[in-house]
Structure formats: structure tokens, C-alpha cells
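The values are calculated or read from the model by the stated rules, or taken from the named source; none is laboratory data. Predicted model only: the values in this text are computed from it and were never measured. Note: ideal-geometry Cβ built from the backbone for every residue, glycine included; neighbour counts use all protein chains shown. Side chains included, ligands, DNA and RNA excluded: accessible areas come from the protein's heavy atoms. Shrake-Rupley method; radii C 1.70, N 1.55, O 1.52, S 1.80 Å.
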Amino acid sequence: RATRVGAVSEPRHSTHKGSTPLIPTMRAGILVPPQNFGLVEDGLYRSGQPTELSYPFLEQLQLRTILHLSADEPPAEFASWASEQRIQLVRLGAGADANMLSPWKPVSEEVVVEGLRRVLDPSSYPLLVMCNLGRHRTGTLIGCLRKLQCWSLTSVLEEYRRHACAKSRHLNEQFIELFDIDLVRVPEHSPLQLHLQAERGKPAG
């Protein structure tokens with residue numbers, strides 16, 4: 001069943017309590033983050049497709065899981081790097097959901113629900129959510145997470161548009177606005193601070 005836990009303030013984040021740094025500091029040379037990289041919550045990050053140049057930066061995050069929101073296979077060198085780092089690379093959007101991950105369609109409800117299930121799983125952390133450019137598919141999933149955290153719609157869409165830049169899409173914003181958070185089961189020991197109404201009880205499935 002869903003549990004009620006503490007409220008979260010909207011665009012503010014607490015100091016990370018674990019051993020993984022919020023944002024890597026420069027040690028030797030320059031660390032280059034992936035495009036559209038951002039901190040979502042402690043131990044939870046977002047970005048576009050990483051390149052070899054950004055691997056040293058990501059290694060500082062000590063990632064355990066990467067959610068790859070794409071109908072396409074991840075680049076071979078990226079998959080090989082993740083395997084070498086013992087990072088679980090989870091591809092969401094293959095098979096029946098592939099058509100729903102075209103550039104001009106919003107992410108499917110099934111992909112978002114499964115993605116949020118993994119985001120709420122403590123064993124997935126530290127975790128990176130990514131898609132090709134880190135704008136639309138990633139932004140939609142993170143927007144639905146913010147709804148689950150009871151952010152105002154204004155704040156949710158402001159964050160989505162900030163990462164989408166001039167490429168924000170009305171269909172994605174509409175998906176976020178209409179997404180039913182009761183489809184998501186919140187574990188008793190969620191790694192995120194969530195504020196849920198007590199009457200939320202029965203998630204679908």
C-alpha cells in the first residue's frame with residue numbers, strides 16, 4: 001500500500017547524506033557532464049545521451065542504474081562502458097512501446113509507470129534517467145515524478161521547459177498534467193521525499 005511521508009519543497013534539494021557526491025568536483029583535469037545534465041534529487045540525475053568525453057564525470061557519481069528511455073538500442077560503446085562500470089543499463093520503450101517513443105509522440109503511460117517504479121526503488125540508487133537529448137522523454141518522466149511529490153503544475157512545467165529550452169512540446173505537458181499518480185505504487189522505504197494524500201491506497205496492477 002502507499003505510505004504517507006514528509007512533504008518536499010518544490011525546487012529545493014537537501015544536502016546529500018550518502019557517500020555519492022551531488023555533483024562531482026574537479027580532481028585531475030576537467031570533468032565534462034553529459035548534455036542537459038541535471039540533479040533531480042539526492043542520488044537521482046538526468047541527462048541526454050552520454051558520450052565518451054562525459055564518462056569520467058559519470059564515474060564520479062558511482063551510478064548503480066541508468067534508465068535509458070529509447071526505442072533504439074543504446075550505442076555499443078556506451079553499453080560496454082556501463083557493463084565495465086557494473087552499472088545496470090535498463091532500456092525502457094522497446095517492443096510494444098517502441099512506437100510511443102517516436103520523437104513526436106509522448107512517452108507511453110506504461111513506460112512512465114515502469115520508470116517511476118524503478119526511480120522509487122532504493123536498490124536502484126544512485127540512478128541516472130536519460131534519453132537522446134534529455135528533453136522530452138526524460139522531462140516527461142521527471143514531470144510525473146514531480147506530480148507524485150505534489151509540486152504545483154506551474155513548477156512542474158517550468159522545470160520541464162527549462163530542460164527542453166525552446167523545444168518544449170504541448171503534448172508532453174498535457175501528458176504530465178493528466179497523468180494519474182494513483183497508477184504508481186510508492187514503496188514503504190522510498191529514497192525520495194514524497195507527500196501523498198492518506199486516501200491514496202490502491203494503485204493499478
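One residue is enough: does region 126-137 have a residue meeting the conditions open to solvent by less than 70 Å² (accessible area, probe 1.4 Å), modelled with pLDDT of 95 or more, of a type in the set (Val, Ile, Thr) and not in a strand (DSSP E or B)? Checked against the condition, which is being open to solvent by less than 70 Å² (accessible area, probe 1.4 Å), modelled with pLDDT of 95 or more, of a type in the set (Val, Ile, Thr) and not in a strand (DSSP E or B), region 126-137 yields no hits at all. Quick one: residue 189 ticks every box in (1) at pLDDT 75 or above; (2) open to solvent by less than 30 Å² (accessible area, probe 1.4 Å) except a single one, so which number is it? Among (1) at pLDDT 75 or above; (2) open to solvent by less than 30 Å² (accessible area, probe 1.4 Å), the lone unmet condition for residue 189 is (2). Pairs are defined by a Cβ separation below 8 Å, a sequence spacing of at least 6 or placement on different chains, a first member in region 76-94 that is in a helix (DSSP H, G or I), and a second member that is of a type in the set (Asp, Glu); the pairs so defined are 77/52; 79/73; 81/52. Filter region 37-51 down to the residues that are open to solvent by less than 20 Å² (accessible area, probe 1.4 Å) and part of a loop (DSSP other than H, G, I, E, B) and list them by number. Residues satisfying the conditions are 43, 48, 50. All conditions in (1) modelled with pLDDT of 95 or more; (2) of a type in the set (Gly, Ala, Ser); (3) open to solvent by less than 20 Å² (accessible area, probe 1.4 Å); (4) more than 18 Å from residue 186 (Cβ to Cβ) hold for residue 143, with the sole exception of (4).
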